[in-house]
Every structure is written in structure tokens, then in C-alpha cells.
1. Based on the alpha-carbon set only, what is the convex hull volume of chain C divided per residue, in Å³?
2. Would you mind getting me the FRET efficiency between C:Val31 and B:Ala110? Use the beta-carbon distance for r and R0 = 35 Å, nearest 0.05.
3. 5 Å is the cut-off here: which amide hydrogens, built 1.01 Å from N in the peptide plane, fall below it relative to B:Gly138, excluding neighbours closer than 5 in sequence?
4. With the dipole of the protein assembly as shown worked out from charges on the C-beta (+1 for Lys and Arg, -1 for Asp and Glu) around the Cα centre, which of C:Val254, C:Ser97, B:Thr12 lies farthest toward the positive end?
5. On the first, second and third principal axes, largest extent first, how far apart are the outermost C-alpha atoms of the protein assembly as shown in Å?
6. Can you work out the PRE-style zone for B:Asn231? Point 7 Å along Cα to Cβ, and I want the residues of region B:126-158 with backbone N under 15 Å.
7. Using C-alpha positions alone, give me the convex hull volume of region B:13-58 per residue in cubic angstrom.
8. Provide the FRET efficiency to the nearest 0.05 for the A:Glu15-A:Glu190 pair, computing r from the beta carbons and using R0 = 56 Å.
Amino acid sequence: MLSVTDLRKTYSSGEEALTGVSLDVTGSETVAMIGPSGAGKSTFIRCVNRLTEPSEGSVVLDGVEITDLSGESLREARRDIGMIFQEYNLVERLTVMENVLSGRLGYTSTWNAFRRNFADEDIERAYEVLDRVGLGGHENNRADELSGGQRQRVGIARAILQRPKILLVDEPTSSLDPETSRAVMDLLTEIAAEDDIPLLINIHEVDLAEKYANRIAGLREGSLVFEGTPAELDETAKGQIYRGEEIPAGAGPAGKVESDEPPETPSQASEIRRG
Amino acid sequence: MTEEYASWERRTPRQRLGRYVLVLITLVVAAASWRVLDVNYNYIESAPTEFMDLVTRMYPPDTSYTGDIIGPLIETVHIAVLGTALAVVLSIPVALLGASNTTPNKLGFALGKFIISFTRSVNVIIWALLFVIIFGSGVLAGVLAIAVRSIGFCSKLIAEAIEEIDPGQVEAMKATGANPIEVAIYGIAPQIKPAFIGVSTYRWDINVRSSTIIGFVGAGGVGVELNTAINFFQWQRVLTILLAILAIVIISEVVSASLRRKVR
Amino acid sequence: MATTEPERREWRRPTAFYNHYVKWAVYLAIVGFLLWSAWSMRISFDRMVEGWDAAAGLVTSMVPPEVTPFKRDLLVEGMVESMAMAVVATIVGVFISIPVAFMAAENIAPRPVYWLGRGLITVSRAFHELIVAIVAVKAVGIGALAGVIALSYKTVGFWSKLLAEEIEDIDTGQKEAIEATGANRTQTLLFGVVPQVLPRAIGLTIYRWDINIRHSTIVGIVGAGGIGSTLLNAFDKYDYDFFLTIVLAIVAVVVLGELVSTYIRSRIQ
């Protein structure tokens, strides 16, 4: 399980991205982190595998304090953390297969990696995973030949080839259209359930969070302002996350929710309003 | 509307004055330069006749000489290939030093930039002189001259390509737990490969031209033959060599252009 | 690929060549060619080792660079001549280039004229400046005039080619608008084409001046005037410390020229 305690991050510009956030992700649950842009969602997720260096606080994955690691031990810890990126971050000029197999780099010697000589079982699994994400037969396409949705599937395949103990997912759908977004979210939660891996997802579409998550965490200006089940995420909570409203005791429904970030499509917008 | 026509001028008086001053300065510099050169006007007068004379003495090319220059021509290409290969290998570390996102520290960055600008500022023929002093005349001096001169050019362009890579792809490789060398092989190398191949073939093309002249100072290649032929006033041979150089330059340009098209 | 196979599937990285055998054949050919190159040069390691010893000796004899008043005068004289050659050659070259550039622009020149313009550019670009210089020296004698001729000749190919490309990229709408007013061919060029390419023409002139400075420092090696002759003299007389002084002076001038040219060009654009 992942246990983050009092995580703080101050950038060298002086900007305080996180001001003490604690969050646990256990079992095979899906935790969605929502909040306006600039709330620190990405910083939080990137601090977990230390692509961004946290300033203070602790990140413990299965009993290992990740903030204490460096060099070889940090790389070993990263092998257990799969990450899926907003802009896919595929190596565009390599084939789909090379991209998927790059998930095994942490287990492959440099010389074999250079020769693209991966273990037979890795290759076998890569084929299986590609079939699973619906990209069978595309293994020799170059990544830049694929559509956005297909690229994100390659990104997912790369992450699960690591056999991670947890999947970090940073805005998986913000570069995709609503239809593809749903398909990608279906795939992610399905795989997490089958492989029994917890998911920590940053997402700004509230409707997707409500649909797919077991638990929702709301971040505003670097601190956690909401934590609960999707059912508990009512209009008051949304108002608090997106508009910084104080919770007046016994307040009624806040009415229409206008997120700081305008929803991408009219259909999503209307769903949020209905929600 | 008034009855007088409004006058119109393109520039304000101040702008016009500035322009006149600039033109004046240019003219003065040009005139002064001409004076410095101290050209003998008789030479200019006789230049067209001299050129025509040269042309008639050159034509027809000495075709019987063709066989003798094949060897030097191949040597020229070899110098260009080896020099470029050496330069490309050496320019990888220099480019990594000279790119702001891969350089280890400020000192390394300064060193990289210094190597890039220094090797580029000294012409290949001067490098050839320098290496002839050190290693004596011969192809070795030529290869080294070509290589050193090319390091700055190749490193500069490769460093620019490195600075333009997408950091996301590098991050993704780091996130899988890959070691730094693997990150470079998978995250950086594929992104700069087209620039790398483009720069090396382009430089090879330039180096074929350069290696035709380093022979003037004894650094090998067809330039040695050309120099000899000119010194002995064998003008028909000179034309043969010039035509051969022309052919080889055109071939290398076509080869390098088609290679660069192939790599996307 | 091998999706029909029941057991372990294999994967090999697809190659840019036809198959993996061709790939290895190509690699082998490249390595073989390099080895042949190295072998045909008769480069021996003894020579290299010997060379390094000699190099160490030479470097000590080169340092410190020598600056006696007499040699300083020689240096300044050669350098001034080089700079003057660069200025004159740039002006002469650009004057010749202007008509050639318009001739070689596909969108404004008639077919036969276009091919003539292209041909002139190719002939100018084909030979290295030193080859042009050596021929010019034989034609007009040793001295700066040969250098000016060589540099002007090279300027034509460079300047016309790039300006012709610029002319081909102009906005035809502006040209057509001028034509539509009933302007004749020359007027159309002056009002519809020239204003669009003028900044580029000035930028190219400055850029070429910068390149001509570089070249004017070396054409003297074949007798075409400038600091290059001084350099070759020092080389022939084994006067290596003065040689190094000249090389450093050339580097300084070249870097300075590049800085000035970059600055002016950034101001124009």
C-alpha cells in the first residue's frame, strides 16, 4: 500500500505547490484526485515516484520510504511504480513494441537494452498486454503513427509490463475526446481490478471521477479539502474544491457547479451541472 | 480638402539622414578598402585576355591523365569519410557538454561552447597546416584537419537538437526505473537520431569539398595533384582534375541529399 | 507478426533495410570501408606516437606567441588587406549577384533565363574558394586582386541562390496587385518584389561579408593576398611562434566578424 504523509513541495520560484497533503491508497482501490488546475494534483503524483523532488514529508510504498532513496535503490523502487502520462510520453520514433518493452528496462542490462534483446518472457507478455489493450498486430508500428487513444493504450501497456505495485495516472484523458476518454478509463480500471493493483488517478473531469473511483480526494491550492466516496461528493464539497467556499453548517445544495476550468465539451459540462 | 496638394515623403528627415549616413559610411569603407588593396589596374585590364588564354590552354582536357587521378580521388573520399567519422564520434561528448539540458555543470558547458566555437573559427586549411607541422605531410594530417574542423559544426547542430528534445519521453523512461545510460539510449537517442544522421551526411558532403584542397599544403588527396599540375603549367591536366572534382562533388551532394531524405 | 504460433512469440526490431541480413551486410560494408580507408592511408601507430612527441616539442616552441614590433606590423598589414578584400569582394560580388538572383527565380524569370541563372549559380558553387583562388592567381598574378576575384566569384553562388529562393517565396498577391495597376515589368519588380526581399538581401550581404572575412584570411595560402600569405611565410620559415600568433589573430577577427554580423542581422529583422 501507498501511504503519503504531510507532503510539501515548494518550487525554487517560491511557489508553494503542496502544503502538507496526506493520503493513503490501499488494496486495489481506485482513488481519483480532483481539483482545479494549479491545485497541485500533478505535483503530488510526481512526488510519489520522485520525478519531482518533494520538499518535506514522507512517501512509503509497501514499507519502503521512497524519499530516502537515491541512485540504484530509487530505480528499484520506480520499477514497482507504473506511471501513465497526460501527453502519453511515448518515445515517438520507436516502435510500439520497443515502447512497451521499455517498461522492463529496470530489469534489463544496459547492453541487452541497447541491442533490444529482452527476455523471452517479457516479449511474450508484451504481446499479451498489447492484445489486452486492443493493439494486437500494431507491434511494429512506430508510436508516432498512432492516434491519441492508441498512444495512451501503449502508455498503459508500458506501465503494466513493469508489473507495478501501484499505477500512477496523471490526467490520462485530458488530451483525448470524451468517447476515447471513457474507453481508456474502462481499460485502466479493468486492468487494475484483474491484476489487483491500486490506481491513483489525477483527473479534472468530475463526472469521470464519480463514475470510476472508489474514493475521491479533492485538492485545492495545495491542500486536501475533501476525501470521501463519490456519493459523498455533493454540491457543497464541489463548491469547496472548485471555488474555495467555506462549509456553512446546514447549508443547502450549492446549485450549479462551475469549475474553474471550463469543461472541454458541452456534453460533459451539462453532465457536471446535472450531477 | 485644401487646395494645395498634401506632400508625401516616404521617410522622416531624421530617418533619411540616418540612411544617408549609413550609405556614406559604406562608401567610405569601400573606397578605403579599394585603396588598401593597391590594385595594379593593368592587371585588371589584362584579366579578361588572361582568362581566355587560360581557357584555351586548358581545352581540351588531358583524358590520358584520367587513370592517374583515380587513386588520389579515392584518397580524397577516404579522407572525407574518415575525418567525418572521427568528428562525429568526438562530437557526441562535446554536444552533450554544450547542450544546456545535458551539461553536467557550468564549467563543462563553457568548455563545450569553447571547443565548438574555437574549432569552427579556424579554417580547415589552417588546421591542415598545423597538423602537417605536427605529423608531417600526408593523409593523416588531412584526416585530422577535417575531423577537428568538423567537430565544432557537428557538435553545435547536435547540441541544438539535444536542447529541443521532448523531456516527457526522458521522464517516462526514468519512471520505469531505467538507469541513466538506458534513459539516454531509449529517451534521448531516438529523438536526436534524424538530426544526427542529417548532420553527419551533410558534413561529409562539405568535407568532400574541403578534402580536395587540403592537398595544397601537403595534407593528401587530389589537391596534391592539382597543385603539382598548376605549378608545372600543365593546364590540360588541371582541367581534367577540375572536372573530376566537379563530378565527385556532385555525386557526394546527391548521395548526401538522398540519405537525408531517407531518414525521417 | 507471429500471432498464429501457439507458444512463445518472438520479436525482433524491424529494420529500415529489407531484412536483417541486408542490415548486417550494410553494417559490414560500412566497417569494411572504414578499415579500407584507414589501411589505404598507411597510417601507422608509430607515426602517431612519433607525432605526439613532435607535437609536444612544437607546442613548446609555439608558446608564447611572438609579438615583436616588426612582426606586429606584418600581422596588422596582412589583416587589414584581408579585411579590405572581404569588403570589396562583398560589394562587387553582390552587384553581380543581383541580376543573377532575379534570373534564377523560377516565378519571375522566363524558362531559358531561369536555367542560365541556375547554371551560373551551380558553376560558382561547385569549386572551393581556394581552387578558384589558385586559378585566379595564375590569371592575374599573385596579390589581392586574385583574392578579390575568387571571393566575388564565390559570393555570386551563395548570395544569388539564397536570394532567388527568397524571391520564389514572395507573396504573389502583392506582385499581382501592382501588375493590376498597369505597371510595366520593371515597375512590378520595383514595387511588387523588391520591397518584399530587401531585408533579406541586406541580411545576406552582411552574412556573406562575414563569410568573406573567414575566406579572405586563407586565400593568401595560394598567393591571393591577405594574412594567409603571411601565415604561409611563417610556416615555410619554421617560425612557429609567429604562426601561432597569426592563427590566434585570425580566430579573434573571425569571431569578432561573426558577432558583428549576427548583431546587425538581428537588428534588421
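1. Working: hull volume 74.2 nm³, N = 269.
Output value, Cα hull per residue: 276 Å³.
2. Details: r = 36 Å, r/R0 = 1.03.
After rounding, the FRET efficiency stands at 0.45.
3. Answer set, sorted by chain and number: B:Ala219, B:Gly220.
4. C:Ser97
5. Here the Cα extents, ordered largest to smallest, are 105, 93, 57 Å.
6. B:137-138
7. On the way: hull volume 4.7 nm³, N = 46.
Value for region B:13-58: 102 Å³ per residue.
8. On the way: r = 37 Å, r/R0 = 0.67.
After rounding, the FRET efficiency stands at 0.90.
Where a number appears in this text, it was derived from the coordinates with a stated rule and is not lab data. It should be emphasised that the depicted structure is a prediction, and the values quoted were computed from it without experimental measurement. All Cβ positions, even for glycine, are placed from backbone atoms using ideal geometry, and neighbour counts span all protein chains on display.
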